[in-house]
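Just so you know, all these numbers are worked out from the coordinates, no wet-lab data involved. Computed from a predicted model, the values in this text were never measured in an experiment. Note that we place each Cβ from the backbone using ideal geometry, even for glycine, and neighbour counts take in every protein chain shown.
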Amino acid sequence: MALPWHIPLESLPKFKKSGVKESLLKHYCSCNIHENPCEELKTGLMCDIGYRNRDSSTIQKLIAAGMTVAHLNIRELEPEACGQIIQSIRQAVYNYSTELQYVHPLALIVDVRGPDIVSGDLKGGPHTTVEIMQNETIRLTTDTTWRECGTADCLYIGYDHLTDLHVNDIVFIDSLTANKIKLIVSEVGDDSIECSVVTGGTIGPKMAVQISQVPREITNLNKNDSLESVSHSDISQQNFEQLEEQIKWAVSSDIDAVLLPNAQSGNDIRHIRNILSNKGNHILVFASIDTVQGLDNIDDILTEADGIYLDRSVLSTDLPVEKIFIAQKIIMAKCNNLGKPCISKAVINEQIPTLCVSDIANLVLDGVDVISLELHYDSPLRKFAPAYDAVRMAEHCLAAAAVVCRHAERIIWKPHIYGNFELMQSPLEEPTKAICVGAVELALRSQAVIIICLTNSGRTAKILSHVKPPCPIIAVTRTCHTSRQLRFFKGIRTIHYFEEAKSAWDSEVENRVRAALDYCKIKRLVEAGDAYIVVAGSRRNVGYCDSVRLLYASVRNRISIQ
């Protein structure tokens, strides 16, 4: 049998003395700079997939370099182009899994367009551009007579609550140039506001406008409405027609998660879930915190959303730059406290790598689940090096980021992050949470190297991740989308088990555990004599995991690694 046997008591390995220091200061003083990084990366890495890296061979190289989540912005692509990129991603996963001889799950998240606020058309026609000069004054109005004749002096804004703003409030307008146009309200009228231009730029027709201090109105759908039954007359044609079509496309394309930009309250998330309805209720919904209002309502948003996405460069347009690090601490702490994944964006600059290393490492130390890496394919180095390979450099940067994350995970102060003691000491009415807390406590005391979890929906693995064990979680599941969605949660490695089901449940559990152990042996996570935990159900269709076992790996049937 490939399963390890119980080792006789006299053969049990002696526990290594724990090197955990009593304070964070002493922990950092005792760190050894010459130690190797962690063997297994717990933090996920997300990369944007678009026109420049849509080839399946390129995507496969990114997967091999460490990419666990693929991000696709469908707001900027045609449906046909989106379908082609999805096909390339699936083909890359298939090719990479064929090489590894086991299914390698890759999560796929897509952006959807929320209820945007946009400006009107310009006076010269659809191809006209207007220069908004710095230190000038511009009037923003809701008067529909200006809808198709905007100028540099007066611009229509499709937002009924525009006059609810106050003096010194800030309005941002997307620009065709590098930076956003920044306006400060100087006077509020009956149907318009006067603004002074702090940062100028060039605009065209229907530019996105960002107003964070005034809540938007969301047209709620009935719970019985589905993707097919919602008529365009029930929702705003300008704001929600694209959103419904994008979500319908995401459901049909078997997407794992959707990302809602500029989420300001829990109503935004509820609206997305109503559109998803029954056919898409398994899809995760991530909320992007882009404004101060979204940050103020973070508790309400976290209650409804499955996770949070943080782009600090976008948030800095509405929040003072000197407070961005505070917002980062708050968002990640709240996500870790509730056991919901947090994705944070990091920019890799190949010219100044030191700053990138510090930023990525600090994200890991703060408890981020997935790091979204912005890989530059239009590098200025191309001017000086004609042979510069942008795709190869992106692959190199991704691999380097993975090494940085592994080094950062090694020096995390374990009492600070491992073991959610508040959850472990609180009364647990739900049996699954009680079992998971017991499994993590057993792993802490026995110094287990892995926790093998047999799950169907992935909920048990998510709770284990919430309790934060000191070792990796190996989740074995038969559900394809579950194996991919668990990539959003830190410390979870998934195995998509698709062998023929055994009639006897004991045999089924044994085969799944064997598959997990074979994977761990290949990854060098388990050696002979190591303790490991198995969390499973005692019978088929029990509804939750109700048993925890402590086992030790034997030397029998070891896999030779070439």
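Remarks
- Theoretical gain in end-to-end length, Val198 to Ile184 [0.36 nm per residue, Cα-Cα removed]: 4.3 nm
- Length gained when the stretch Asp518-His282 is fully extended (0.36 nm per residue, less Cα-Cα span): 82.0 nm
- Under the simplified labelling scheme, the Ser507-Ala390 pair shows an inter-label distance of 5.5 nm, with each label point 7 Å from Cα along Cα→Cβ.
- With N the number of residues in segment 118-207, Rg(Cα) / (2.2 N^0.38 Å) evaluates to 0.97.
- Label-to-label distance for Arg270 and Glu39 is 4.8 nm, based on points extended 7 Å past Cα in the beta-carbon direction.
- Magnitude of the charge dipole, segment 421-557, Cβ model with Lys/Arg +1 and Asp/Glu -1, debye to 20: 420 debye
- Across the cross-link table entries Lys206/Lys279; Lys180/Lys345; Lys42/Lys329; Lys42/Lys279; Lys345/Lys433; Lys61/Lys180, which are compared at the Cα atoms, the separations over 26 Å belong to Lys206/Lys279; Lys42/Lys279; Lys345/Lys433; Lys61/Lys180.
- Length released on extending from Arg52 to Ala333, taking residue separation times 0.36 nm less the Cα-Cα span: 97.7 nm
- Dipole-positive endmost among Ser538, Ala461, Val513 within segment 426-553 (Cβ charges, Cα centre): Ala461
- Overall form of segment 421-557 per C-alpha gyration tensor (a/c, 1.5; a/b vs b/c): rounded
- Each label point was placed 7 Å from the Cα along the Cα-to-Cβ direction; for Glu148 and Glu527 their separation is 7.6 nm.
- Protection proxy ranking for 155-165, 453-463, 481-491, using the average of other Cβ atoms within 10 Å per residue and placing the highest first: 481-491, 453-463, 155-165.
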